[in-house]
Structure formats: structure tokens, C-alpha cells
Amino acid sequence: MPMKFFAFILLAMISGLVSAAEPASAGIPDTLEERIKPCIICHRDADLIDRDAYFPRIAGKPAGYLYNQLRNFRDGRRYYQPMAILLENMSDGYMREIAEYFASQPYAYLEPVAPALSPDETKSVETLMYSGDPERDLPACSACHGEKLMGLQPAIPGLLGLPHAYLAAQFGGWRNGGIMRGQIPDCMSEIAKKLTQEEVNALVQWLPGLPASGQSAGADALTPELAQRCRTILSGQEVAR
Amino acid sequence: MRNSSRAGFTREMLINPANEMKREAHETQRLRHINKIDEEVSTAQRSDSLVQSINQHFPSKWQIIAFVAGGLLSLIPMASAQTPADSDTEQVRRGEYLARAGNCMGCHTTRGGEPYAGGRKLNTPFGQFVTPNITPDNETGIGRWNSEDFWQALHYGKSKDGRYLYPAFPYTEYTKVTRLDADAIFAYLRSLPPVVQTNPPHKISSPYDNQFLLYLWRAQYFKEGVYQPDKSKSDEWNRGNYLVQGLGHCTACHTARNVLGASRDDKLSGGKIMGTHWYAPSLISPLEAGVGEWPIEDIVELLSTGINSHAVTSGPMATIVRQSLQHLSDYDLRSMAVYLKSLDEKRDNTPQKVRKMPEQVRQYVALGEKVYKEHCQNCHGESGQGVPGIYPPLAGNRNVTMRSPLNTIRNVLYGGYPPATAGNPRPYGMPPFQHFIRDPEIAHVVSYIRNAWGNIGSLVYPDDVDNSRGSEF
């Protein structure tokens with residue numbers, strides 16, 4: 001064993017202490033960054049994208065969340081054609097690696113856009129966001145997505161730094177059953193269906209108004225009751241059939 | 001690039017259809033032995049090494065004695081019968097392998113669904129077919145079927161209730177599968193956990209839902225019969241033919257279908273895949289995906305890893321590699337390669353003249369060059385040389401130049417990754433450009449790559465791009 005180790009060291013020295021990004025062939029680096037070019041054509045840095053873009057930032061989101069979404073797209077539980085086609089023949093292991101890569105990436109945040117909301121609308125959104133509505137069994141958004149709304153490790157996404165169009169589409173999907181099909185319980189779908197259209201419109205304008213900063217909160221920030229309510233998300237379980 | 005012994009299958013474990021006659025002889029011997037339990041069982045095994053290789057183990061002497069004694073005493077028969085004999089386990093293992101080779105799961109599983117529980121919808125011009133649950137659940141699956149029922153379906157295209165099956169189930173190819181293999185696949189399906197899943201009924205348009213019409217269709221287009229080996233050809237060639245034309249049912253996609261949905265012939269001459277927006281290239285034409293000029297190793301590499309230095313699989317073929325081909329033994333892949341290589345149509349060796357383009361055409365193609373430089377060149381190279389094994393070369397790439405531009409247009413629109421396989425677990429991919437380049441630009445760039453660097457292909461127009469859209473999910 002030591003012999004092998006020394007031989008390895010020797011070889012590494014001879015070959016010029018190769019960097020991790022050794023070219024695989026003809027100048028193509030053998031890196032994950034090169035391999036995920038198909039992802040970053042859409043999910044690129046905020047400074048390269050149009051403010052009206054649809055695509056969400058994925059850099060810096062919790063790895064478990066990203067991995068679950070990749071599996072959901074591939075396995076038909078979450079529907080978006082471009083993602084389904086790209087992921088069709090991916091393995092779990094490769095998707096896990098890709099999820100961890102994006103989770104660890106720093107990113108340039110979208111600049112906040114001041115929402116065009118009346119003071120009443122703003123107040124009602126803030127109530128939903130930080131207190132919820134016990135009468136309708138609506139928990140505060142911050143109870144799951146973190147006080148700073150930057151998500152919770154390992155599987156709950158942050159809500160900031162996302163384009164308005166994307167947020168609106170996700171609410172539409174949850175209300176119509178187009179996201180997390182067949183997942184039981186499907187906490188976000190239940191919540192979205194209890195919101196009025198006016199509340200949804202206000203939420204998706206209000207969220208892009210906040211500057212994104214900081215990290216996802218730790219998993220212990222979640223109350224046992226909510227952890228139970230969203231157990232399918234947290235466990236990354238397969239669809240309940 | 002590839003693991004050389006996947007799944008631990010060796011040539012000896014696999015059935016060559018040429019052994020079928022030997023199997024019959026073997027079965028006869030087996031009966032005789034059960035009648036004469038005093039005889040030394042292994043003599044028959046020694047008598048034919050090929051038969052032995054099939055892994056048809058005789059019951060051990062003790063099992064036979066227990067069986068006979070049990071029969072006589074009527075006391076312990078169940079206990080001994082319920083202990084699966086080695087041969088049963090072996091049969092199930094072989095069945096699992098064969099089910100992979102036939103890619104039963106590909107159709108009998110929905111996206112993300114329970115394996116073999118069916119429910120996948122196949123859209124055809126004749127209506128929507130929904131694949132059945134083939135797990136051994138009594139009510140919703142094939143739990144009440146016996147091996148004869150399964151044989152009726154696979155070989156004759158008849159369901160347990162006697163109804164004719166629609167040829168969306170490729171019994172037109174599966175009919176070539178041997179009884180021994182069919183029984184093994186059935187034994188494997190029986191070994192699966194039963195899944196209770198009721199699938200929606202077919203939605204077949206009138207008049208295609210008429211059984212009499214199906215009877216006529218069968219009379220015209222269905223020829224029942226197990227694959228008959230060609231004695232003048234090698235074992236490998238025969239095995240390859242059996243896999244390509246029979247169990248693997250490559251013909252189901254790689255041959256055009258007529259207006260009644262029947263394969264035009266069994267020549268693998270290419271055609272649009274029914275119900276999808278993909279073109280399955282000809283496997284015999286040197287202008288499409290014929291492999292006459294590829295070394296065997298390159299064919300095996302493409303089939304098992306999804307990529308080689310000339311080509312990369314995409315669309316439905318990438319899925320077939322992931323679901324089925326990457327799990328096949330080296331011997332079987334090699335056999336398929338030997339067979340496919342033998343299909344090559346004679347190439348017309350007179351070099352095609354690159355004619356001078358009319359000025360208008362030159363200008364049209366030049367528009368694509370601009371798009372190419374901006375979006376494609378970074379990976380596929382200045383002269384379309386690509387990076388072999390990573391980014392496919394476009395110069396001389398037949399997928400780019402073949403008659404149908406459909407797949408190339410889709411590759412540009414939707415991008416994609418080759419399958420993640422044991423031999424290529426972390427593939428590089430092609431970005432989807434549908435949100436970034438408009439239809440006219442896609443038409444320009446595809447026209448360009450079809451006519452640059454010595455490539456010759458027809459021009460592509462924005463309408464062609466629009467007509468290539470759509471997917472089954």
C-alpha cells in the first residue's frame with residue numbers, strides 16, 4: 001500500500017501536479033462546470049439575464065431541494081417540458097452531484113424591484129408571510145421558508161431572488177395540481193388552493209421586492225407540526241400512489 | 001470507457017436460438033431421468049456441453065427422491081415443492097435479463113411509476129393505447145396467467161381471454177422469441193411484487209376497435225413463428241438477428257409503417273416513429289445509421305455507453321440504451337453488432353460532387369454560419385470536428401446530413417444529455433436553444449451544418465422547425 005501511494009505521488013509530480021480541471025480531450029475541461037453547460041444556458045448569473053426572465057435562480061438553493069426537483073422533473077411528478085427532456089436519461093447519482101454543485105455556487109442576486117402594491121395589500125401580504133392565517137389553517141410562509149425567506153436545509157427552497165414570472169407560474173401550478181402531481185400530502189398545493197387570486201398576485205409582486213441575502217436556515221428551525229405536514233418534501237419520498 | 005463485464009453474464013449463460021432443438025432433446029432426456037431415478041443424472045449433462053451451458057439444471061437426486069416419496073406418501077409434497085429449486089432461481093435471473101433485452105419495462109412503466117405496472121399511454125393515429133399492468137397481481141395484473149397464456153400473448157398476439165392484441169404490443173417481433181425465453185421472462189414477471197394498479201382503458205378510434213378488422217390485419221401482416229437460425233451464418237450473427245429482429249424488436253421503430261400501422265418490411269430501413277416526433281434512422285443505409293464501415297468495437301461502444309467517437313444517442317435511442325442495451329452482455333452486444341454490420345447496403349462509392357451552390361442558397365446557408373459561430377462553435381469546433389466521445393463531430397455526421405432533418409432540429413430545440421451509463425456515467429450535454437434562437441435562425445444553422453465542411457443535405461426552413469416541435473410528455 002505505501003509503495004502504491006508513493007508511486008502515485010511520484011506520478012503526480014512527474015505529470016506536473018495536474019490541476020483538478022485537467023483537459024479531458026482537445027481542451028475540454030473534465031469538470032462538472034463543463035458538463036452543466038445545458039443548465040446554465042437558462043440558469044445563469046443574474047447579471048447575465050433579463051429581469052423579465054422566467055428561469056429561477058438555482059445557485060445557492062438547498063441541495064436536497066434541488067435534487068428532489070431534478071428527480072421530480074425526470075420522473076414526471078413536476079412538469080416542465082424542457083427539464084423533462086434534458087433529464088430523461090440521467091442517473092440519481094449524477095443528479096445529486098449536479099444539485100450539490102449548484103447549491104454550493106455563489107450567485108449574483110437580482111436587484112429588488114419595488115412592488116406596486118397599496119399599503120393594505122402590503123400589510124395583508126406581510127401578515128401571511130410572517131403570521132399566516134390560523135383560521136384557514138395557513139402557516140406563516142416564514143415558518144417553513146425561514147425567517148429570512150432564504151429556505152431551510154436541506155429541502156425547502158428560498159423565496160427570494162426569483163423572477164416574478166416564475167413565482168406566478170408556480171402558484172398557478174400548485175393551484176391546478178401541475179406541480180408535485182400525486183404527492184400526498186402536498187403541502188404547498190393545499191396552501192396555494194386556500195389563497196385567493198388577489199393574495200397570490202400580491203405575494204408574487206411582494207417577494208421580488210426584497211433583497212436576497214444570507215444562507216438557508218438550519219433544519220431545526222422547523223416545528224415538528226410543520227415537519228409532519230411537509231414530510232413528503234423533507235424525506236424526498238417517492239409519490240404516494 | 002466501458003466496463004467489460006456488466007451484470008456478470010457470460011456467453012455460456014445465454015441462450016442461442018440454435019440450441020432450441022437441443023433443448024427439446026434435453027427435455028425428453030429429463031423426463032426419462034425422472035422416471036428412472038436410479039440412473040446417474042449427470043451423464044446427460046455431460047453429453048452436451050451446449051445444453052449444459054443453458055443452465056437447465058436437473059433436479060438433484062434428493063429432490064427427485066423427495067418428490068417421488070412425497071407423491072407416494074402425500075405427506076410432504078408441498079414443503080419440498082415450495083422451496084425453489086436452483087433451476088427456478090436461474091430461470092428467473094435469465095428472465096430478468098431477457099426482459100431487459102426486450103425492454104418490456106420501457107412500455108410497461110409510466111414515467112416515475114412502479115416498474116411493470118403499465119399505464120403508459122402510446123399515442124398512435126389509431127387511438128391511444130394504454131399499456132397493461134404485467135405484475136402478478138390477480139385483479140389488475142397478470143396474476144391469473146400461466147406460462148401458456150403468456151406464450152399465447154407473446155407468440156400469437158392473443159390475450160388470455162382469446163381476444164386479439166393490438167400490434168402496439170410488438171408481438172409481430174416477439175413471435176420470434178423462443179418458448180424457453182418466453183417462459184423465463186414469464187417466470188421473472190411472476191417473481192415481481194404484485195402491484196395493484198388499474199390502468200385506464202385504451203381509447204381506440206373507430207373502426208380500429210373492431211376485432212374482425214384486427215383479424216384481417218393479422219392475416220395480412222402477421223407471420224407467426226419462432227426465429228429459425230440460418231445455418232450458413234455464425235452463432236453470433238444468429239444471436240444478433242434474434243435480438244435485433246425478435247426480442248429487441250428494433251424493427252418496431254427502425255422501419256417505416258404503412259397507413260395501417262404495419263411495418264413496411266423487416267429491413268430496418270428507417271422511418272418516423274409512430275406517435276413521436278423522432279425519426280429512427282435506417283440501420284442499413286450508409287447514408288444514415290448503417291454500421292457497415294464501423295469496427296465491431298465502435299458499434300458495441302455506442303450501444304452500451306450511448307456514445308462513441310463518431311456518434312451520440314439522443315431521444316428515444318438514448319432511452320433504449322439506458323433502459324435496455326447498457327445491461328446486455330458483451331456477447332449479446334457483439335452479436336447485435338455482427339448482425340447489424342452484415343446488413344449494410346452496398347455503398348455507392350462514386351463520391352458525391354459538392355456542386356457549386358446557387359448564389360441564393362449560398363446566402364441562405366451563410367446566415368446559419370453566423371449563428372453557428374455564436375452558439376455552436378465553442379463545443380463543436382470551427383470545422384465541425386467536435387470532440388470525439390464528448391461533443392459529437394458535425395462534419396461527416398450522418399445524423400446531421402441524413403434525409404430527415406427532424407432529429408437534428410430537435411437536438412437544437414431541446415438539447416439533451418446522452419444516457420448516464422456505467423461506461424459514461426457523467427455525460428456532457430447539449431443545451432436547449434428553444435428559448436434563445438428563433439425558428440428562422442434554427443433553420444439557418446441546421447441548413448448550414450448540413451452543408452458545411454463537405455456535408456451535403458437539403459435546406460431546412462422555419463416551417464420544418466415548427467413541425468418538429470412536440471413531445472410525448
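The values are calculated or read from the model by the stated rules, or taken from the named source; none is laboratory data. None of these values were measured; they are calculated from a predicted model. So basically every Cβ, Gly included, is an ideal-geometry build from the backbone, and we count neighbours across all protein chains shown. Areas reflect the complete protein model, heavy atoms only, side chains present, ligands, DNA and RNA absent. Shrake-Rupley method; radii C 1.70, N 1.55, O 1.52, S 1.80 Å.
Go ahead and run the numbers for FRET between B:Leu367 and A:Lys37, Cβ-Cβ distance against an R0 of 22 Å, rounding to 0.05.
For B:Leu367 and A:Lys37, the calculated efficiency is 0.35.
Hey, what did region B:101-221 get for relative contact order, percent, Cα under 8 Å, at least 6 apart?
Across region B:101-221, relative contact order equals 26 percent.
Quick one: what do you get for region B:101-221 if you divide its Cα Rg by 2.2 N^0.38 Å?
Region B:101-221 yields a ratio of 1.03.
Which of the GluC sites (Glu not before Pro) across region B:163-270 are loop residues per DSSP, with 16 or fewer other Cβ within 10 Å?
Passing both the DSSP loop test and the Cβ count: B:Glu224.
Kirkwood Rh, Cα Rg: Rg to Rh for region B:359-467?
0.96
Mind giving me the nanometre distance, one decimal, between the label points for A:Gln215 and B:Phe212, set 7 Å out from Cα along Cα→Cβ?
Using points 7 Å along Cα→Cβ, the separation is 7.6 nm.
How large is ³J(HN,Hα), in whole Hz, for each residue of region A:197-202 in order, when computed from phi with the Karplus curve 6.51 cos²θ - 1.76 cosθ + 1.60 and θ = phi - 60°, using x for Gly and Pro?
With the stated coefficients, region A:197-202 comes to 4, 4, 5, 4, 4, 5 Hz.
Would you tell me the mean number of C-beta atoms belonging to other protein chains that fall within 10 Å of each C-beta in B:192-200, as a whole number?
Mean shielding by partner chains, rounded to a whole number: 0.
What's the buried accessible area, both sides, between A and B using a 1.4 Å probe, rounded to 100 Å²?
The A and B chains share an interface burying roughly 3000 Å².
Under a plain spin-label model, where a point goes 7 Å from the Cα along Cα-to-Cβ, how far apart in nm are B:Ser342 and B:Arg111?
Result: 4.0 nm between the two label points.
Return the average number of partner chain Cβ atoms within 10 angstrom of each residue Cβ along peptide B:427-434.
6
If you look at just the Cα atoms of region B:249-377, how large are its Rg and its Dmax in Å?
17.6, 53
Computed on alpha carbon atoms, what radius of gyration and Dmax characterise region A:35-164, expressed in Å?
Rg and Dmax of region A:35-164, Cα atoms, are 16.4, 49 Å.
Averaged over its residues, how many other protein chain Cβ atoms are within 10 Å of peptide A:87-99's Cβ atoms?
Mean shielding count: 5.
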